[in-house]
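Structure first, then comments.
The values are calculated or read from the model by the stated rules, or taken from the named source; none is laboratory data. Computed from a predicted structure; not experimentally measured. FYI the Cβ positions are ideal-geometry reconstructions off the backbone, even for glycines, and counts take in every protein chain you see.
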There are 4 protein chains.
Amino acid sequence: MGGEQRRKELIALAYSIIAEKGFEGLRVRDVASRAGINGATLHYYFPTKEAMVQAVVEHLTEQFSTLREQNSELTDPLAMLRQEFADVTYRMEKFPELFIVAAELELRSLRDSSIAVILKEMYQAWQDYLAALLQNGVTQKVFRSDLDVQTTAIAITTLIRGLGSQLGSEKGDQISRIATQVEQWIMA
Amino acid sequence: MGGEQRRKELIALAYSIIAEKGFEGLRVRDVASRAGINGATLHYYFPTKEAMVQAVVEHLTEQFSTLREQNSELTDPLAMLRQEFADVTYRMEKFPELFIVAAELELRSLRDSSIAVILKEMYQAWQDYLAALLQNGVTQKVFRSDLDVQTTAIAITTLIRGLGSQLGSEKGDQISRIATQVEQWIMA
Amino acid sequence: MGGEQRRKELIALAYSIIAEKGFEGLRVRDVASRAGINGATLHYYFPTKEAMVQAVVEHLTEQFSTLREQNSELTDPLAMLRQEFADVTYRMEKFPELFIVAAELELRSLRDSSIAVILKEMYQAWQDYLAALLQNGVTQKVFRSDLDVQTTAIAITTLIRGLGSQLGSEKGDQISRIATQVEQWIMA
Amino acid sequence: MGGEQRRKELIALAYSIIAEKGFEGLRVRDVASRAGINGATLHYYFPTKEAMVQAVVEHLTEQFSTLREQNSELTDPLAMLRQEFADVTYRMEKFPELFIVAAELELRSLRDSSIAVILKEMYQAWQDYLAALLQNGVTQKVFRSDLDVQTTAIAITTLIRGLGSQLGSEKGDQISRIATQVEQWIMA
DNA sequence: GATGAATGAGCATTCATTCAT
DNA sequence: AATGAATGAATGCTCATTCAT
């Protein structure tokens, strides 16, 4: 449908405006004008600004889970962990908005429980995936036997989330050095 | 000075409002009314809202560097690292706003370079302190010899910053578990 | 167009408020409420108060040059000069705001060069017209041969501008007496 | 008295601010700060802003009548008229604020009858002086016999008032050219 | 005389939202 | 689907004025 297409366009535009200017700088009119439509028309697609934001949240979770689905053929825990870091590095360079918008949403989730729920779910899935991966590595004796997999999963996701929302041109280097460190730490 | 006192009160109030509602929810009028004064009176202390925010930023950096100064008598690297985690845990429980406001500022720093400068300085001091601590530990053979101290310092600060701005009742436990893990990882 | 109509209405209302209360007394809200619309709606037509004022300036120049265009069929210099005074008298009685707003703008032009430019152009055209008229009269020996036409043109326009912004019920008489004097002075 | 001195200083400062920025730009605080005192202190000298403005009006009338008193020894009508133009030229160059503030007040007098009264008195005195001068010249057959002295007096004052509030670097030349013209016109 | 602190009323402007067309 | 026009409720900020000290 043309209508559904436009809706998606609007969501993507709102998404990039949030990345650019934060939630603070998100204006219904701006989203509309970037799409070449009238501000009033936008309300045809979203009854309210809040509804648009909700759609952006959903958009983010989709973006977030896109890559993981494709790498499911790997089985080697270390390779999978490395792939994880590679994914993140790739996304940080290609789609830095992803991390910025995520950070904006995390902050917002402190006051908006509906966002909190969705975000929690999103990050939980990531953590679970990592925890399973790590557990697998422990079982295969690739990773050290005294590893607290749950805590490590939390640590890795938190680390990555934090790195993502920080700025810096040498981000790619940084993350690869951190990846190397983490590997060293958890390897048997 | 009565005037200076009120100024500080206003900064503290703005600070807590930012923690509660984010920058998005910061209203000059709200700060004023919480202080029991007229909105116009606030402009007697701060010519502009932006000036007030700047004062809040300075307030945050002061808050941030308060505790570290007191623990300077320690010399044992491991004890110092543990103290670092203990400090953070203490602050997260007693002054969770600290981390929330910091996270708000981090996001804002993406668009406001004057904030970026101050934050960078603030975190850099922390990282330098940690790096020195870790290096000391490596030299004393308390920490493993293949430790990349710079990267580890970045990892630890990023980890803590990330944990601080996440919510959750069991935060204290989480951080102590992570502390234990990190210890295990970096010890010789 | 309904929209263009309203825009003109707003300009006319701002124009009369300036005539009534001066620039000092011009309030966006007042203009809006006289038009029966919300203050915010006015900003739909003019992005800023300053833009509205600019539109008023343009309105004034249009008003100012309206009559002259109609009298272009006259050729006798004396008749044309008399017509000029008659025009002014007519306008002073029918549209006294014209002169008051013009005087307000003249004062404002001392600090706002964009207004200065427009006013200068407006008055220059008038002076040029008068100078040509006077020169014609000199050539035709209707006016005295030692007449400094440029200076006289300046004197007459300045005189009229000054009279216009002065108040007084007997203005009509005054101007006709002055007209008679000026005639006497410049006639051969 | 030191107090009376300061009062005069404040009036002079308000006077120059009006010349600079118009009534629109007159701020009690600005006047005070230029005098190096607190805005509240100014209210010790003037109960209200309006009272200060009234004092400025009086100041203007004093300024206005200063020069005339000194030239009373002249008796030749033509010399006196020339002196009048010379005075005006001198003032326009040395104290252009005089004419600007006068123009501001003229406009204000349209809405403030108390100012209108004072201004009318001020200009009337000038007109009366000029009318007497002209009448004297007619009697002495220096000026043409068909001169309408009242009207001419009005015309000359209006002309000068108008020239004064117009801007332009070549003002001095302009006024002397006009003076020459007027002389030519009214001489026998 | 002078000031710091406070205030109320007001001001231009912004913004999400509504609705007839 | 789309828009022009409108609105109410805010928002940051200004300013003359007040008053205790």
Item checked: Failed criterion for A:Met80 (all others in (1) surrounded by fewer than 19 Cβ atoms within 10 Å (Cβ to Cβ); (2) in contact with a Leu (Cβ under 6 Å, 6 or more places away or on another chain); (3) aliphatic (A, V, I, L, M) hold) -> (1)
Next item on the list: Could you please let me know if A:Leu134 is more than 24 Å from A:Ala179 (Cα to Cα), within 14 Å of another protein chain (Cβ to nearest Cβ), part of a helix (DSSP H, G or I) and more than 16 Å from DNA strand E (Cβ to nearest atom)?
Entry: no
Notebook entry, point to check: Does A:Glu104 fit the bill of being part of a helix (DSSP H, G or I) and surrounded by fewer than 16 Cβ atoms within 10 Å (Cβ to Cβ)?
Noted result: no
Margin query: I'd like the residue in the stretch C:155-167 that is within 7 Å of another protein chain (Cβ to nearest Cβ) and outside any loop (DSSP other than H, G, I, E, B) and, out of all such residues, is farthest from C:Thr180 (Cα to Cα).
Written below: C:Ser165
Notebook entry, point to check: Any residue at all in the stretch C:46-58 that is within 16 Å of DNA strand E (Cβ to nearest atom) and among the polar types (S, T, N, Q)?
Noted result: yes
Next item on the list: Find the residue count for the stretch C:137-148, including only residues that are surrounded by fewer than 22 Cβ atoms within 10 Å (Cβ to Cβ) and either in contact with a strand residue (DSSP E or B) (Cβ under 8 Å, 6 or more places away or on another chain) or more than 10 Å from chain D (Cβ to nearest Cβ) (or both).
Entry: 7
Check: Filter the stretch A:23-55 for residues that are assigned to a helix (DSSP H, G or I) and within 14 Å of chain B (Cβ to nearest Cβ); which is farthest from DNA strand F (Cβ to nearest atom)?
Finding: A:Val53
Check: Given the conditions (1) more than 16 Å from DNA strand F (Cβ to nearest atom); (2) farther than 20 Å from C:Thr158 by Cβ; (3) away from every other protein chain (no Cβ under 14 Å); (4) touching a helix residue (DSSP H, G or I) at 6+ places or on another chain (Cβ under 8 Å), which single one is not true for C:Arg82?
Finding: (2)
Next item on the list: Kindly establish whether C:Glu73 is among the charged types (D, E, K, R) and either within 15 Å of the chain's Cα centre (by Cα) or at pLDDT 90 or above (or both).
Entry: no
Check: Can you tell me which residues in the stretch B:124-156 are under 25 Å from the mean Cα position of the chain (by Cα), closer than 10 Å to B:Pro77 by Cβ and in contact (Cβ under 8 Å) with a residue 12 or more places away in the chain?
Finding: B:Leu133, B:Leu134, B:Gln135, B:Asn136, B:Gly137
Checklist line | Out of B:Ile115, B:Ile100, sole residue that is in contact with a Lys or Arg (Cβ under 6 Å, 6 or more places away or on another chain) and within 14 Å of chain A (Cβ to nearest Cβ) | finding: B:Ile115
